[in-house]
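The values are calculated or read from the model by the stated rules, or taken from the named source; none is laboratory data. Bear in mind the structure is a predicted one, so any value in this text is a computation, not a measurement. Neighbour counts are summed over all protein chains in view; Cβ atoms, including those assigned to glycine, are modelled from backbone coordinates with ideal geometry. Only protein heavy atoms, including side chains, enter the accessible area calculation; ligands, DNA and RNA are left aside. Shrake-Rupley method; radii C 1.70, N 1.55, O 1.52, S 1.80 Å.
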Amino acid sequence: MSECSTISSKVTVTHSSLRQTCTAASFTSSFRGFFLSVWSSDQYDHIDKHTQSGLDLLERYIKFVKERTEVEQNYAKQLRSLTKKYAKRGSKEEQDCKFSNHASFQEILNELNDYAGQRELIAENMITGICVELTKYLQDLKQERKTHLSDAKKAQQNLESTFKHLESTKKRFAKEWAEADKATQQAEKTENDLNATKLDVEKAKQHAHARTHTAEECRNDYAAQLQKYNKEQNFFYYTEIPQIFNKMQDMDERRIRRLAEGYCQFSDIEKKVLPIISKCLEGITTAGKKIDEKQDSILFIEQHKSGFERPADVEFEDYTQGIKPATSDSSLHPPKVRAKLWPFSKKNKVNLLPAAAEDFSHLPPEQRKKKLQAKIDDISKDLQKAQDQSEALEKMKGVYEQNPQMGDPSSLEPQITETAQNIGRLRGELAKYEVISHTLHARIQFMPIIVVAAEQPQHVYSEFDDEFDDVESPIGQCMALYTFEGTSEGTISITEGELLSIMEEDKGDGWMRVLRASGEEGYIPSAYVKHTP
C-alpha cells in the first residue's frame with residue numbers, strides 16, 4: 001500500500017510539474033509567435049516597401065534625365081536648322097558678307113551653331129554619365145535587394161518551420177500528459193476500490209507509470225525543441241535579421257548617395273560646358289560690336305564705283321543771238337575732240353571677244369579693272385602650278401632615264417605633252433587679259449584729261465588737234481618671234497618673222513606699241529619680239 005502511495009504521489013507530482021511546464025511553454029511560445037509576426041510581417045513589409053520606393057525613385061530619375069536629353073537634342077536640332085535656314089549661300093551672299101553687318105550676322109549664326117553643339121554635348125554626357133551608369137547600378141541594386149529579401153524570407157521560413165515543430169511537440173506532450181493524468185486518476189480509483197483485486201491495482205499502476213514515462217519523454221522532447229527554437233529565434237532576431245536589415249540599410253543608403261551624385265551630375269555636366277557656351281555668347285556680342293557702319297558704306301562705294309567722271313555743266317544756249325554759221329568744224333565741238341583724243345570710245349570700239357562676260361566689258365571701268373586683275377591672278381596661279389608640274393615631270397623623266405628600273409621615261413611623254421599644251425593655253429589667256437587690262441588702265445588714266453579738255457576754251461582743242469595729228473617717228477625696229485592674235489581693243493595681230501617699227505617701248509607692264517608695214521598700229525606683248533639693228 002505504501003509503494004502504491006509513493007508511485008501515486010510521484011505520478012501526481014510529475015503530473016503537476018508537467019502541468020506547470022506546459023502552461024509556461026504555451027505562454028512563451030505564444031509571445032514569441034506574436035513578436036515574430038511584428039518583426040517578420042510589419043517591419044519586413046515596411047522595409048520591403050521602403051527599399052522598393054527608393055528603387056522606383058531612382059528609375060524615375062533615369063527616365064527624367066532621358067526626357068531632358070531628348071529636350072536638349074531637339075533644341076540643338078532646331079537651332080541647327082535655324083542657323084542653316086538663315087545662313088547665306090551663293091556668290092551674291094558671299095559678296096554681301098564683305099560688309100561688317102552681314103559678316104557679323106554670319107558669325108552669330110556660326111556661334112549659335114557651336115552653341116547647339118554644346119547642347120548636344122550636354123545630352124550625350126547625360127546619357128552616358130547618368131542614364132547608362134544609373135541604369136546599370138539600378139539593375140545591380142535590384143539583384144542585391146532580391147538576394148537580401150530572399151535571405152530574410154528563407155530565415156523567416158526556417159524559424160516558422162522550427163516553430164511548427166515546436167507546436168507539434170507541445171501538442172504531443174499535452175496529449176501524453178492528459179493520457180498520463182487520466183491513467184493516474186484511474187490507478188488511484190482502482191486502488192481505492194475495495195472490490196478491485198491486487199492484480200487490477202498493479203495493472204492500473206503499471207499503465208499509469210507507462211503513460212507517465214511517455215509523458216516525461218514528450219516533456220523532454222518538448223523542452224529540447226523549445227530550447228532549440230528559442231536559440232534559433234534569438235539568432236533570427238538578434239543576429240540574422242539585423243544583419244540582413246543592416247545590409248539592406250547599407251544598400252539603400254548607397255542608393256541614396258548614388259542618386260545624390262546623379263543629382264549633382266545633372267548640374268555639373270552643364271557647368272562643364274558653360275565656359276564654352278559663355279564664349280559662344282561672347283562671340284555673338286563681339287560680332288555685334290565689331291560692326292562698322294562707316295566702313296560698310298566705304299566698302300559699298302568701292303565695290304560699285306564706276307570710274308566715270310561727273311558730267312560737266314550744261315551750257316546755256318542763247319537763241320536771241322541767232323544761229324551762228326559753222327565757219328569751222330575743226331575744234332568747236334568737244335565730241336570731235338574726244339573722238340580724236342579717245343580712240344577707244346564706244347563708237348569706235350570693236351569687241352572681238354566671243355562673249356561680253358569674258359572680258360567683263362559689261363561692267364564700269366573700275367569694276368572691270370578689278371575683275372580683270374582677279375582673272376589675271378587666277379590664271380597666273382594656274383600657270384605657276386602647270387609650270388611646277390612640268391618641272392616635276394621633267395625631273396622624273398631624268399630619273400627614269402638614269403635609272404630604267406624605276407620606270408619607263410616614255411610613259412611620261414603624254415603627261416609632259418599635255419602639260420606643255422596647258423602652259424601654252426594659259427600663257428595665251430594671260431597675255432589676252434593683260435592686254436585688256438593694260439588698255440583699260442590707259443583709258444581710265446586718260447579720262448580725266450578728256451573732261452578737263454572739254455572745259456577749256458576753243459583754242460585748247462585746236463592745240464590738241466594739232467598735237468594728235470602729228471605723225472610719230474619710230475624709235476626702233478624689231479622682229480616677231482611668235483604669232484600673236486590681237487583680239488582685244490588696242491592690240492594688233494602679228495605673224496612670226498614679221499618686221500615691225502617700235503613706236504613706244506615697254507614701260508615695265510610687258511607691252512609695247514608697234515607699227516606694221518600696212519600702217520596698222522597697236523600693242524603687242526614685249527616677249528613676242530626681239531630688237532633688230
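Taking the stretch 374-399, which residues are of a type in the set (Lys, Arg) and crowded, with 16+ Cβ neighbours inside 10 Å? Listed by number, the residues that qualify are Lys375, Lys397.
Can you say whether Leu194 is open to solvent by 90 Å² or more (accessible area, probe 1.4 Å) and over 30 Å from Ala76 (Cα atoms), as far as the supplied structure shows? Taking the combined requirement at face value, the residue satisfies it. Quick check on the stretch 478-490: of everything there that is modelled with pLDDT of 85 or more and crowded, with 19+ Cβ neighbours inside 10 Å, which residue is farthest from the chain's Cα centre (by Cα)? Of everything passing the filter in the stretch 478-490, Cys478 is farthest from the chain's Cα centre (by Cα). Could you identify the single residue in His165, His148 that is in a helix (DSSP H, G or I) and either open to solvent by less than 60 Å² (accessible area, probe 1.4 Å) or within 30 Å of Asp200 (Cα to Cα) (or both)? Criteria check complete, one pass: His148.
Inspect all residues belonging to the stretch 375-382 and state whether any of them is at pLDDT 85 or above and of a type in the set (A, V, I, L, M, F, W, C). For the stretch 375-382, residues at pLDDT 85 or above and of a type in the set (A, V, I, L, M, F, W, C): present.
I'd like the full set of residues that are open to solvent by less than 20 Å² (accessible area, probe 1.4 Å) and closer than 13 Å to Thr162 by Cα, limited to the stretch 227-238. Listed by number, the residues that qualify are Tyr229, Gln233, Phe236. Within the stretch 284-291, one or more residues are part of a loop (DSSP other than H, G, I, E, B), surrounded by 14 or more Cβ atoms within 10 Å (Cβ to Cβ) and at pLDDT 90 or above.
Out of Lys247, Lys279, Lys271, one residue alone is open to solvent by 90 Å² or more (accessible area, probe 1.4 Å), part of a helix (DSSP H, G or I) and closer than 25 Å to Val132 by Cβ. It is Lys271.
Among the residues of the stretch 250-268, just one is out of contact with any helix residue (DSSP H, G or I) (no Cβ under 6 Å at 6 or more places or on another chain), closer than 13 Å to Ile122 by Cβ and surrounded by 13 or more Cβ atoms within 10 Å (Cβ to Cβ), namely Phe266. Glu133 fulfils the conditions (1) open to solvent by less than 50 Å² (accessible area, probe 1.4 Å); (2) more than 15 Å from the chain's Cα centre (by Cα) except for a single criterion, (1). Scoring Ala224 on the criteria (1) in contact (Cβ under 8 Å) with a residue 60 or more places away in the chain; (2) open to solvent by 30 Å² or more (accessible area, probe 1.4 Å) leaves a single failure, condition (1).
Here is a yes/no grid of residues against (1) modelled with pLDDT of 55 or more; (2) open to solvent by 70 Å² or more (accessible area, probe 1.4 Å); (3) closer than 19 Å to Cys131 by Cβ:
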position	(1), (2), (3)
Ala25	no, no, no
Gly33	no, no, no
Tyr44	yes, no, no
Lys49	yes, yes, no
Leu58	yes, no, yes
Gln78	yes, yes, no
Lys92	yes, yes, no
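Consider Lys142 carefully, then state whether it is open to solvent by 30 Å² or more (accessible area, probe 1.4 Å), without any contact (Cβ under 8 Å) to a residue 60 or more places away in the chain and among the charged types (D, E, K, R). Spelling it out, it is not the case that Lys142 is open to solvent by 30 Å² or more (accessible area, probe 1.4 Å), without any contact (Cβ under 8 Å) to a residue 60 or more places away in the chain and among the charged types (D, E, K, R).
Residues checked against (1) touching a His at 6+ places or on another chain (Cβ under 9 Å); (2) among the polar types (S, T, N, Q):
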residue	(1), (2)
Thr197	no, yes
Ala204	no, no
Cys218	no, no
Asn230	no, yes
Phe236	no, no
Phe245	yes, no
